[in-house]
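First the structure, in the form of structure tokens, and then the observations on it.
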Amino acid sequence: MAWASRGPRMSGAQSSSDGLPVVPPVERRYLLTDLLKGVSRSFYLTLKILPSGVREPVSLAYLLARAADTISDTTLLAPKDRLKHLLDFRAQVVGPTDIAVVQSIGKALNELQEISKEAELLKVLPAAISILDDLSSDDQQAVRSVVVMLTRGMEMDLTTFPTEDSGQVVALDSAQALDDYIYHVAGCVGEFWTAVSMSHTASLRTWDKEAMSNLGVRFGKALQMTNVLRDVPNDLRKGRCYLTQEALSELGLNPSDLRNVDNSHRARPALVGGINLALDHYAAAEQYILAIPRQNLKLRLAALWPVIIGLGTLAQLANNRRWLSPDTSSKVTKGWIYKMLILSILVGRSNGALTWWVRRLRKRVKSAL
């Protein structure tokens with residue numbers, strides 16, 4: 001098997017007894033650094049700063065999740081076909097691996113990708129599964145479990161919502177349905193992150209795993225609620241509405257009404273409710289960050305950066321009076337992000353400074369509601 005043309009190549013003669021390629025160190029680094037950077041968007045900053053022991057299982061889990069996401073988002077295929085490939089992929093992650101099935105997923109989908117790195121990712125799925133098989137048993141279990149949970153969230157997308165070109169819009173039914181969804185697509189990552197961090201960080205082994213996992217789940221939900229609210233305009237045009245039917249009905253609105261930008265003010269209470277829910281979860285994220293010992297600065301920063309960016313995004317969204325418009329972005333600028341990264345390094349070891357900073361950002365969001 002060979003790598004895609006934009007990356008280094010593996011020798012086709014090397015394979016394990018189950019047919020998976022043996023991945024030499026140089027290719028392993030490429031897969032979990034250069035290729036990961038090409039498909040991970042801004043989250044690569046967080047992955048890059050993680051301590052080495054934590055970084056590999058987290059990076060691999062993210063890479064596999066991105067592969068699953070690419071499968072579920074291949075709109076040139078009907079949802080039922082995407083679902084079949086997604087379920088096949090999940091089965092290969094769980095194991096035992098059938099190399100022919102792994103290769104068939106890549107062959108069926110890689111030429112349908114508009115982004116070259118995503119096409120490459122699908123081509124090298126056998127190598128990614130091979131790396132998974134090389135992890136320690138605890139890390140393997142953690143990675144397999146979180147990827148299974150994440151794919152269940154993607155399965156919910158494919159079975160709940162209409163096709164992207166149907167012209168219809170469907171909303172999640174209730175607050176409970178929304179909570180279930182954000183758990184599967186992000187909250188579960190908090191449990192995974194906690195397990196892997198405790199396994200590889202001696203100073204965290206005194207943590208109460210259950211309590212920290214619960215905080216981690218809410219941490220993930222905070223980030224996902226931010227994504228859900230920021231992406232409302234684009235999701236609506238795909239037929240998906242994560243603002244619930246329950247919340248919209250109280251305002252006398254249907255999901256399709258949100259495609260009209262002029263309803264931004266009328267639908268604002270649903271946005272405010274979502275922002276308040278996210279802020280409640282961010283309070284748990286703050287507790288999580290402060291529980292990381294100050295000497296573990298890299299681990300602290302890896303947890304802190306998504307929170308800072310998330311709260312900055314919520315502030316932009318809270319101030320956006322045309323939040324239903326796909327042409328009015330609610331994103332922080334790259335310049336703002338880099339300033340926050342520098343500041344975080346300066347204050348990262350101070351519990352007092354971090355508490356003041358995060359709460360100030362939360363208050364900034366609240367004041368705009």
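Hey, how much of the P(r) for the stretch 147-291 falls beyond 26 Å, as a percent of Cα pairs? Present the calculation step by step, with values, prior to reporting the outcome.
On the way: 3212 of 10440 pairs.
Cα-Cα pairs of the stretch 147-291 separated by over 26 Å account for 31 percent.
Can you give the charge dipole size of the stretch 93-181 about its Cα centre, rounded to the nearest 20 debye, using +1 on the beta carbon of Lys and Arg and -1 on the beta carbon of Asp and Glu?
Charge dipole of the stretch 93-181: 220 debye, to the nearest 20.
For Lys331, list the aspartates and glutamates whose Cα falls under 19 Å from its own Cα; do not include residues on the same chain fewer than 8 positions away.
Those aspartates and glutamates meeting the cut-off are Asp231, Asp235.
In the stretch 122-206, which trypsin sites (Lys or Arg not before Pro) fall in coil by DSSP and have 15 or fewer other Cβ atoms within 10 Å?
Sites meeting the loop and neighbour criteria: Arg205.
Expressed in nm², what is the orientationally averaged projection area of the convex hull enclosing the Cα positions of the stretch 86-234?
Averaged projected hull area, Cα only: 10.8 nm².
Taking the Cα centre of each part, how many Å lie between the stretch 171-220 and the stretch 37-96?
The distance from the Cα centre of the stretch 171-220 to that of the stretch 37-96 comes to 18 Å.
Provide, for q = 0.29 Å⁻¹, the log10 of I(q)/I(0) from a solvent-free Debye sum over equal Cα point scatterers in the stretch 229-298.
With no solvent term, the Cα-only Debye profile gives -1.34.
Can you list, bin by bin at 20 Å, the percent of alpha carbon pairs in the chain, starting at 0?
28, 58, 14, 0
Could you give the semi-axes, largest first, of the ellipsoid that matches the stretch 17-174, computed as the square roots of 5 times the alpha carbon gyration tensor eigenvalues and rounded to whole Å?
Taking √(5λ) for each eigenvalue gives 26, 17, 16 Å, largest first.
Could you rank Lys238, Lys363, Lys117 by how accessible they are, 1.4 Å probe, largest area first?
Lys363, Lys238, Lys117
Please state, to two decimals, what the Cα-based radius of gyration of the stretch 246-362 comes to when divided by 2.2 N^0.38 Å (N = residues).
Ratio of Cα Rg to 2.2 N^0.38 Å: 1.26.
Sorting Ser367, Ser116, Ser330 by accessible area (1.4 Å probe), largest first, what list results?
Final ranking, largest accessible area leading: Ser367, Ser116, Ser330.
Based on the alpha carbon coordinates of the stretch 19-106, what radius of gyration and maximum Cα-Cα distance (Dmax) apply, in Å?
Considering the stretch 19-106 through its Cα atoms, Rg and Dmax are 14.2, 41 Å.
When you have a sec, figure out the Kirkwood radius of the stretch 105-184 from all distinct Cα pair distances and drop it here in Å to one decimal? Could the numbers behind the result be given before it?
Details: mean 1/r = 0.0652 Å⁻¹.
The answer is 15.3 Å.
Could you name the lysines in cross-link range of Lys80, using Cα to Cα under 21 Å and dropping any fewer than eight places away on the same chain?
Lys107, Lys238
The values are calculated or read from the model by the stated rules, or taken from the named source; none is laboratory data. Fair warning: this is a prediction, and the values are worked out from it, not measured in the lab. Don't worry about glycine lacking a Cβ; one is built from the backbone with ideal geometry, like all the others, and counts go over all protein chains shown. Calculation scope for accessible area: heavy atoms of the full protein, side chains included, ligands and nucleic acids excluded. Shrake-Rupley method; radii C 1.70, N 1.55, O 1.52, S 1.80 Å.
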